[in-house]
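In what follows, a structure is listed as C-alpha coordinates, so that the remarks can point back to it.
The values are calculated or read from the model by the stated rules, or taken from the named source; none is laboratory data. A quick note: this is a predicted structure, and the numbers were derived from the prediction, not measured. Glycine gets a Cβ as well: all are built from the backbone with ideal geometry, and neighbour counts include every protein chain shown. Protein only, heavy atoms only, side chains kept; ligands, DNA and RNA dropped before computing areas. Shrake-Rupley method; radii C 1.70, N 1.55, O 1.52, S 1.80 Å.
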Amino acid sequence: MVYAIVETGGQQLRMEPGRFYDVPCMPCLMPGTKVVLCRVLMVRNQSEIGVGRPWVGGALVRARVMHTLKAEKQVVLRRRAKKKSRRKQGHRRRFTRLLVDSIEAHGQQLQVPA
(Lines give C-alpha, C1' and ligand atoms only; values in the text may rest on other atoms or scores of the structure.)
Protein backbone atom coordinates (compact mmCIF):
# COMPACT_ATOMS: atom_id res chain seq x y z
CA MET A 1 0.00 0.00 0.00
CA VAL A 2 1.54 3.25 -1.19
CA TYR A 3 -0.15 6.60 -0.70
CA ALA A 4 0.53 10.20 0.22
CA ILE A 5 -1.55 12.87 1.92
CA VAL A 6 -1.15 16.10 -0.03
CA GLU A 7 -2.31 19.66 0.62
CA THR A 8 -3.66 21.40 -2.46
CA GLY A 9 -6.19 24.20 -2.83
CA GLY A 10 -6.83 24.38 0.91
CA GLN A 11 -7.75 20.69 1.06
CA GLN A 12 -5.91 17.58 2.20
CA LEU A 13 -6.26 14.62 -0.15
CA ARG A 14 -5.07 11.04 0.12
CA MET A 15 -3.48 10.23 -3.25
CA GLU A 16 -2.46 6.86 -4.69
CA PRO A 17 -0.53 6.23 -7.93
CA GLY A 18 -2.69 5.39 -10.95
CA ARG A 19 -5.85 7.07 -9.63
CA PHE A 20 -7.40 10.41 -10.56
CA TYR A 21 -8.58 13.16 -8.22
CA ASP A 22 -10.61 16.34 -8.59
CA VAL A 23 -8.81 19.29 -6.99
CA PRO A 24 -9.88 22.95 -6.89
CA CYS A 25 -9.20 24.65 -10.21
CA MET A 26 -5.57 25.19 -11.17
CA PRO A 27 -5.68 28.07 -13.68
CA CYS A 28 -3.80 28.10 -16.99
CA LEU A 29 -3.15 24.35 -17.13
CA MET A 30 -3.80 22.56 -20.43
CA PRO A 31 -4.66 18.85 -20.59
CA GLY A 32 -1.50 16.75 -20.55
CA THR A 33 0.48 19.26 -18.49
CA LYS A 34 2.64 17.63 -15.83
CA VAL A 35 2.24 18.93 -12.27
CA VAL A 36 4.46 18.40 -9.23
CA LEU A 37 2.76 18.65 -5.83
CA CYS A 38 5.37 19.27 -3.13
CA ARG A 39 3.18 19.99 -0.08
CA VAL A 40 3.19 16.37 1.08
CA LEU A 41 2.04 15.95 4.69
CA MET A 42 2.48 12.18 4.98
CA VAL A 43 3.87 9.29 2.91
CA ARG A 44 3.17 5.60 3.42
CA ASN A 45 5.18 2.86 1.70
CA GLN A 46 4.11 -0.62 2.84
CA SER A 47 4.84 -0.55 6.59
CA GLU A 48 6.99 2.60 6.58
CA ILE A 49 5.27 5.89 7.42
CA GLY A 50 6.84 9.33 7.05
CA VAL A 51 5.11 12.27 8.71
CA GLY A 52 6.19 15.85 8.05
CA ARG A 53 6.36 18.88 10.27
CA PRO A 54 4.61 20.44 8.43
CA TRP A 55 5.76 18.77 5.16
CA VAL A 56 7.81 15.69 4.41
CA GLY A 57 11.24 16.75 3.15
CA GLY A 58 12.12 15.36 -0.29
CA ALA A 59 8.63 13.97 -0.98
CA LEU A 60 6.80 14.74 -4.23
CA VAL A 61 3.67 13.65 -6.02
CA ARG A 62 3.89 13.76 -9.81
CA ALA A 63 0.60 14.06 -11.68
CA ARG A 64 -0.85 14.91 -15.10
CA VAL A 65 -3.78 17.21 -15.86
CA MET A 66 -6.56 15.24 -17.56
CA HIS A 67 -9.06 18.09 -18.01
CA THR A 68 -11.03 20.76 -16.18
CA LEU A 69 -14.65 20.32 -15.22
CA LYS A 70 -17.46 22.00 -13.33
CA ALA A 71 -19.44 20.69 -10.38
CA GLU A 72 -23.22 20.49 -10.45
CA LYS A 73 -25.00 23.81 -10.30
CA GLN A 74 -25.79 25.20 -6.87
CA VAL A 75 -28.90 27.37 -6.95
CA VAL A 76 -28.99 30.37 -4.62
CA LEU A 77 -32.42 31.89 -4.02
CA ARG A 78 -32.79 35.17 -2.18
CA ARG A 79 -36.06 36.79 -1.31
CA ARG A 80 -37.30 39.45 1.03
CA ALA A 81 -40.23 38.63 3.26
CA LYS A 82 -43.50 40.43 2.49
CA LYS A 83 -42.01 42.11 -0.59
CA LYS A 84 -42.06 41.16 -4.25
CA SER A 85 -38.30 40.96 -4.36
CA ARG A 86 -36.69 37.72 -5.53
CA ARG A 87 -33.32 36.88 -6.98
CA LYS A 88 -32.15 33.56 -8.38
CA GLN A 89 -28.47 32.96 -8.95
CA GLY A 90 -26.50 29.86 -9.94
CA HIS A 91 -22.93 28.87 -9.20
CA ARG A 92 -20.76 26.07 -10.60
CA ARG A 93 -17.42 25.39 -8.94
CA ARG A 94 -14.50 24.54 -11.23
CA PHE A 95 -12.20 21.57 -10.71
CA THR A 96 -9.06 20.21 -12.34
CA ARG A 97 -8.86 16.43 -12.70
CA LEU A 98 -5.38 15.09 -11.97
CA LEU A 99 -4.05 11.60 -12.71
CA VAL A 100 -1.32 10.64 -10.21
CA ASP A 101 1.68 9.16 -12.03
CA SER A 102 4.04 8.52 -9.12
CA ILE A 103 4.91 9.28 -5.53
CA GLU A 104 8.52 9.99 -4.66
CA ALA A 105 10.25 10.12 -1.28
CA HIS A 106 13.90 11.15 -0.87
CA GLY A 107 14.47 10.97 -4.62
CA GLN A 108 13.17 7.38 -5.00
CA GLN A 109 9.96 6.46 -6.73
CA LEU A 110 7.80 4.35 -4.43
CA GLN A 111 6.72 1.08 -6.02
CA VAL A 112 3.15 -0.14 -5.94
CA PRO A 113 3.02 -3.87 -5.07
CA ALA A 114 1.47 -6.13 -7.69
Looking at Glu104 and the list (1) acidic (Asp, Glu); (2) open to solvent by 40 Å² or more (accessible area, probe 1.4 Å); (3) under 19 Å from the mean Cα position of the chain (by Cα), which single condition is not satisfied? (2)
Return the residues of the range 57-94 that are out of contact with any Ser or Thr (no Cβ under 6 Å at 6 or more places or on another chain), in a strand (DSSP E or B) and within 30 Å of His106 (Cβ to Cβ); say none if nothing qualifies. Ala59, Leu60, Val61, Ala63, Arg64, Met66
Just for the range 59-88: of the residues that are of a type in the set (Val, Ile, Thr) and in contact (Cβ under 8 Å) with a residue 40 or more places away in the chain, which one is surrounded by the most Cβ atoms within 10 Å (Cβ to Cβ)? Val61
From the option list Gly58, Gly10, single residue qualifying as over 17 Å from Asp101 (Cβ atoms), among the small types (Gly, Ala, Ser) and more than 14 Å from the chain's Cα centre (by Cα) is Gly58
Just to check your reading of the model, which residue among Pro17, Pro27, Pro31, Pro54 is under 15 Å from Ala105 (Cβ atoms), assigned to a loop (DSSP other than H, G, I, E, B) and either open to solvent by 70 Å² or more (accessible area, probe 1.4 Å) or not hydrophobic (A, V, I, L, M, F, W, C) (or both)? Pro17
Output for the range 40-51, where each listed residue is modelled with pLDDT of 90 or more and buried (at least 16 other Cβ atoms within 10 Å of the Cβ): Val40, Leu41, Met42, Val43, Arg44
